[in-house]
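Working notes for the structure below.
The values are calculated or read from the model by the stated rules, or taken from the named source; none is laboratory data. Here the structure is a predicted model, which is why all the values come from computation and not from measurement. As a convention, Cβ positions derive from the backbone with ideal geometry for all residues, glycine included, and neighbour counts pool all protein chains shown. With ligands, DNA and RNA removed, areas are computed over all heavy atoms of the protein, side chains included. Shrake-Rupley method; radii C 1.70, N 1.55, O 1.52, S 1.80 Å.
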2 protein chains.
Amino acid sequence: VNEHERVEALRRLFGSAAPASPSQHLRVDLGIGDDAALLSLQGAGARIVVTVDEQVEDAHFRLSWLSFEDLGFRSTMAAASDVAAMGGRASACFSSLVVPRSLGDEDLLAIARGQALAASHLGAVVAGGNLARGAALSIGTTVLGSVEGLGLRRDGARPGDALWLAGPVGRAGAGLAMLATQAQGVALEGGAVGAAAQVCLEAWRRPEARQKAGLAAAAGGATALIDISDGLAADAGHVARASGLRLVLEERPLLADATLATVASRIQRSPLGLALGGGEDYALLAATPPGTSLPGFVRIGRCESGAPEVIVERVDGTREPPPLGWDHFR
Amino acid sequence: VNEHERVEALRRLFGSAAPASPSQHLRVDLGIGDDAALLSLQGAGARIVVTVDEQVEDAHFRLSWLSFEDLGFRSTMAAASDVAAMGGRASACFSSLVVPRSLGDEDLLAIARGQALAASHLGAVVAGGNLARGAALSIGTTVLGSVEGLGLRRDGARPGDALWLAGPVGRAGAGLAMLATQAQGVALEGGAVGAAAQVCLEAWRRPEARQKAGLAAAAGGATALIDISDGLAADAGHVARASGLRLVLEERPLLADATLATVASRIQRSPLGLALGGGEDYALLAATPPGTSLPGFVRIGRCESGAPEVIVERVDGTREPPPLGWDHFR
């Protein structure tokens, strides 16, 4: 049983729950299965977008990999990215901290500073939370935002649509690879290698939810939108399955990032493998009808009719399946 | 530094974040400091109530104390109680599970069944969530609901107001005391003692958020409302501080619960101590202007002008301070 199957089982179970009663002002329009849930409130034009995310010590991060302020910033942005991926605008963040006794009050405030900073980058505030004791540090984040109409879901892509990417992919994966193999010293080297390595470490430690790009995708007529948290290939697979078509990703634009190429070469990793398999950059992948272009996005492929799958088109025109993605619930 | 001081420090820090921009449809009306946050969505008559809560293994529960279904039920109700405590109606629950490898897929589904059952008792649905690996089991719950107007806060009680309680207090504390001292065998005894002990264990394992009572308090003109999660004395203290007055709790109605008296006597605990200090019954404490009465509530005291404090009035008319409450962040 993998993460996808577990989520499907939960969706079936929760789907059998009682529907909203007529006396309710607040109703669920979209539940489990997309980047975020959508709710509507009687009388309002916009809908509410809601998402929850959790960052757990030793599962998602080690304390030696980043500062407490980084941790607060990154956990807030990781959650807010799901709101951006619906074409929404974040308004309020809620933090649920499980904190071991070894963590001092100054460390707690540093986490909170990172959360407040990330929220302010998004034009949002931290509006509530919870503090509890536990053996390992864990940060749960709920983000509420608003979205026009029904939001940008994963299931709207159509054959012939172009695929677009906002933000580089693979850099955070390269940063994480350095941290996990204790190769972060590369960032202290002089010249282009050290500078590129710093960028990749920062990409993992301080990702930005691409809210402006998501709003641009909504305004620009995108048919589908998703954020890249598990890796481009895996997340493109979610769109392929939900929309029922083949996504063709072109190798050439994915290899255009000199920063990624420099670091990948230094740490002996495949830049294409990092671009396709490395998650946590929180780039956005959009589909648009042919002939549309999206400001802030780079064109990286297209949708074809066919069995739901993701295919990589090499520079020489040959096609091959992408590397396997990341299962956060391994 | 205690939990109250930590929350104050966080409130100051998050209070300095950027306010909502004019382009935002969703705005925060009430942030950190009450049972839940309130947000308003442009054009809507009702407001959105949001709360997050976390139940952590070995901090809030031990796996030997309850079933996985109990755990899902109780964590959902504990969170939903904060929505009830604003006079709101829950609509959507979001679950963030941190799950150790030792927990099987059947156990995970049992937790989810408990969550779905609790949501359905409230007329709500589970609309999303997150699954992550971690060393200890932890359940984060976000509940969204709606409320008319500005909700029932902690700061509206006035001198002369009557105090009302919906639901018994102390039973869950008695149940927890049995579990923590491995005295749950009392529930297997025959007669009134065993039956009362079963009620107290159930009060802790399957609490109900008192949503109907909260709606009745809102409709009945209550001036303040709070749920009893940390113990009646401690939570009454929150109302006393927020409203700037003295709360007088009368011993007589608090000693009227024969179930609590029976169990307290058997496990050699003070029934008044359990009623005042035992948390997690999720009863509701309301204040109303003099002359009002609240259906579903029992009158237990009154508000007086004076320094913010909680005083217990004994049956013989003498007054004394209550026992100290529970700090979840010890």
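Here are some notes:
- Diffusion constant of the stretch B:1-151 at 25 °C, which comes from Stokes-Einstein with the Kirkwood Cα-pair radius and 0.890 mPa s, µm²/s: 148 µm²/s
- Highest mean packing comes first when the peptides A:312-319, B:125-132 are listed by Cβ atoms within 10 Å, giving B:125-132, A:312-319.
- Cα gyration tensor shape of the stretch B:139-260, rounded if a/c is under 1.5, else prolate or oblate by comparing a/b with b/c: prolate
- The stretch A:1-151: relative contact order in percent, alpha carbon pairs under 8 Å with at least 6 residues between: 30 percent
- Cβ-defined net charge surrounding residue A:295, 14 Å radius [Lys, Arg +1; Asp, Glu -1]: +3
- Computed FRET value (nearest 0.05) for residue B:148 with residue A:315, which takes r as the C-beta separation and R₀ as 51 Å: 0.25
- Backbone HN-Hα couplings from phi across the stretch B:4-14 [Karplus 6.51/-1.76/1.60, Hz, Gly and Pro as x]: 4, 5, 4, 5, 4, 4, 5, 4, 4, 5, 6
- Using a Förster distance of 30 Å, the FRET efficiency for residue A:120-residue B:241 (Cβ separation, nearest 0.05): 0.55
- Amide H partners (placed H, <5 Å) of residue B:126, local residues excluded: B:93
- Stokes-Einstein diffusion of chain A at 10 °C, 1.306 mPa s viscosity, Kirkwood radius from Cα pairs, rounded to a whole number: 78 µm²/s.
- Placing R0 at 45 angstrom, the Cβ-Cβ distance between residue A:252 and residue A:29 gives a FRET efficiency of 0.70 after rounding to 0.05.
- Cut-off 15 Å between beta-carbons: net charge of the residues surrounding residue A:112, Lys and Arg +1, Asp and Glu -1: -3
- Contact surface A-B: accessible area buried, both sides summed, square angstrom, 1.4 angstrom probe: 6000 Å²
- Relative contact order of chain A: 21 percent, from C-alpha pairs under 8 Å at least 6 residues apart in sequence.
- The protein assembly as shown shape via C-alpha gyration tensor axes, a/c threshold 1.5: prolate
- Net +/- balance of residues flanking residue A:136 in space, Cβ distance below 10 Å, scoring K and R +1, D and E -1: -2
- In Hz, Karplus ³J(HN,Hα) per residue of the stretch A:119-135 (6.51, -1.76, 1.60; θ = phi - 60°; x = Gly, Pro): 4, 5, 4, 8, x, 10, 10, 8, 10, x, x, 8, 10, 9, 8, x, 6
- Semi-axes of the equivalent ellipsoid for the stretch A:70-129, Cα gyration tensor, largest first, Å: 23, 10, 9
- Largest-first principal axis extents, alpha carbons of the stretch B:181-232, Å: 44, 21, 15
- For chain B, built as a Gaussian network whose Cα springs stay under 10 Å, the top-fluctuating residue of B:230, B:70, B:29: B:29
- Residues in the stretch A:208-217 carry Karplus couplings, in order, of 10, 5, 8, 5, 4, 5, x, 5, 5, 5 Hz; the curve used is 6.51 cos²θ - 1.76 cosθ + 1.60 with θ = phi - 60°, and Gly or Pro positions show x.
- Label-point distances for residue B:64 to the equivalent site in the other copies, using a point 7 angstrom along Cα→C-beta, read 3.5 nm when ranked shortest first.
- Exercise: per-residue mean of other protein chain Cβ atoms within 10 Å, B:84-96: 4
- Cα gyration tensor, the stretch A:232-324 - rounded (a/c under 1.5), prolate or oblate: prolate
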